Amino acid sequence: MTLPDGIVRRAFDGRERLATSGEPVYGEPTDGQWRVWDAGRSKLGAMLELGMDVPLSGGESVLYLGAASGTTVSHVADFAGPTYAVEFAPRPVRDLVSVAADRSNLFPLLKDARQPETYAHVVESNLDAIIQDVATRGQATVAARNATFLDEDGVLLAAIKARSEDVTADPEAVYDRVLDELEETYEILETRSLEPYHDDHLGVVARKQ
Ligand code: SAM
């Protein structure tokens, strides 16, 4: 699998790790300009580490849903173009604002991803990619509602957390339901369990249709 420009594999303490170039954010190991992208703390990092075919080449415009305090979206902003980061919890957004202070292409938005109309005036349309990690009930609905921001062949990279949909159900049954709903808006290109990095999470690569 070819990594997008701006993401490299480098040896850190004798082990090959993913890394991007930028200011450190969460105490990750660094080597000069390079900062380790810890797949154990990032679903997108796990998707890349597990070799999923992520159709990005670097420099893309991105809408990131579920940014929390910026662990993953900081790496995204290191290799992507304009990166709009939506998070609805005020406390992590305070940290996210600090992360964005070092990244002129990262735009934090204290918004609810279930209500894209509340940030439609800020986020550009015809985006190249949505990256989603909202860990909330209704993950397929969030992806469908935000598809309006995507270019006609834009891609969705999502981590679906089974327990957020239904704590008692078999994760495989949950994934089937979520994928069925996603297929109303997206063509599914690849899915993969994110274990051993993240239990009960499915990585999804899809294209808007
Ligand atoms: N993606 C983050 C990372 O890797 O650094 C971690 C995200 S955490 C698993 C999920 C986040 O989604 C939480 O911070 C939560 O507050 C946020 N979230 C859940 N539902 C949301 C919604 N409807 N709108 C915006 N953010 C939401």
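The values are calculated or read from the model by the stated rules, or taken from the named source; none is laboratory data. A quick note: this is a predicted structure, and the numbers were derived from the prediction, not measured. Counting neighbours? That spans all protein chains shown, and the Cβs are built from the backbone with ideal geometry, glycine included. The area values use the complete protein model at the heavy-atom level, side chains included, leaving out ligands, DNA and RNA. Shrake-Rupley method; radii C 1.70, N 1.55, O 1.52, S 1.80 Å.
Any residue in segment 57-66 that is among the acidic types (D, E) and either more than 14 Å from the chain's Cα centre (by Cα) or within 14 Å of the ligand (Cβ to nearest atom) (or both)?
There is no residue in segment 57-66 that is among the acidic types (D, E) and either more than 14 Å from the chain's Cα centre (by Cα) or within 14 Å of the ligand (Cβ to nearest atom) (or both).
Looking at segment 132-143, which of the residues that are aliphatic (A, V, I, L, M) and near the ligand (Cβ under 8 Å from one of its atoms) is surrounded by the fewest Cβ atoms within 10 Å (Cβ to Cβ)? I'd like the intermediate steps shown before the answer.
Taking segment 132-143 first, the residues aliphatic (A, V, I, L, M) are 134-135, 140, 142-143.
If we keep only those that are near the ligand (Cβ under 8 Å from one of its atoms) as well, we get 134-135, 142.
Details: V134: 24, A135: 16, V142: 23.
For segment 132-143, the residue satisfying everything is A135.
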Of the candidates A173, A159, the one satisfying the condition of being more than 16 Å from the ligand (Cβ to nearest atom) and not basic (K, R) is A173
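Report, by residue number, each residue of segment 1-35 that is of a type in the set (V, I, T) and either within 23 Å of V205 (Cα to Cα) or touching a His at 6+ places or on another chain (Cβ under 6 Å) (or both). Walk me through it before giving the result.
Going through segment 1-35, the residues of a type in the set (V, I, T) turn out to be 2, 7-8, 20, 25, 30.
The answer is T2, I7, V8, T20.
Under the condition of being closer than 17 Å to S61 by Cα and of a type in the set (F, W, Y), which residue from segment 81-131 is farthest from the ligand (Cβ to nearest atom)?
Going through segment 81-131, the residues closer than 17 Å to S61 by Cα turn out to be 81-86, 100, 103-109, 116, 119-131.
From what is left, the residues that are of a type in the set (F, W, Y) are 84, 107, 119.
Working: Y84: 12, F107: 14, Y119: 10 Å.
Residue satisfying both the conditions and the ranking: F107.
In this structure, is L194 hydrophobic (A, V, I, L, M, F, W, C), more than 13 Å from the ligand (Cβ to nearest atom) and either under 22 Å from T72 (Cβ atoms) or in contact with a strand residue (DSSP E or B) (Cβ under 8 Å, 6 or more places away or on another chain) (or both)? So that I can check it myself, show each step before the final result.
Details: hydrophobic (A, V, I, L, M, F, W, C): yes; more than 13 Å from the ligand (Cβ to nearest atom): no; either under 22 Å from T72 (Cβ atoms) or in contact with a strand residue (DSSP E or B) (Cβ under 8 Å, 6 or more places away or on another chain) (or both): yes.
Considered against the rule, which asks whether it is hydrophobic (A, V, I, L, M, F, W, C), more than 13 Å from the ligand (Cβ to nearest atom) and either under 22 Å from T72 (Cβ atoms) or in contact with a strand residue (DSSP E or B) (Cβ under 8 Å, 6 or more places away or on another chain) (or both), L194 comes out as no.
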Exactly one of V93, V122, V99 is open to solvent by 50 Å² or more (accessible area, probe 1.4 Å) and in contact with a Leu (Cβ under 8 Å, 6 or more places away or on another chain), and that one is V122
Apart from one, (1) surrounded by 15 or more Cβ atoms within 10 Å (Cβ to Cβ); (2) over 26 Å from V122 (Cβ atoms) all hold for S42; the odd one out is (2)
*asked:* Among the residues of segment 23-33, are any in contact with a helix residue (DSSP H, G or I) (Cβ under 7 Å, 6 or more places away or on another chain) and either more than 24 Å from E195 (Cβ to Cβ) or assigned to a loop (DSSP other than H, G, I, E, B) (or both)?
replied: yes
With the structure loaded, tell me whether G27 is away from the ligand (no atom under 11 Å from the Cβ) and at positive phi or whether it fails that test. yes
Checked pairs for segment 186-208, first on the phi > 0 side of the Ramachandran plot, second open to solvent by less than 20 Å² (accessible area, probe 1.4 Å), C-beta under 8 Å and 6 or more apart or across chains, list as D200/A162
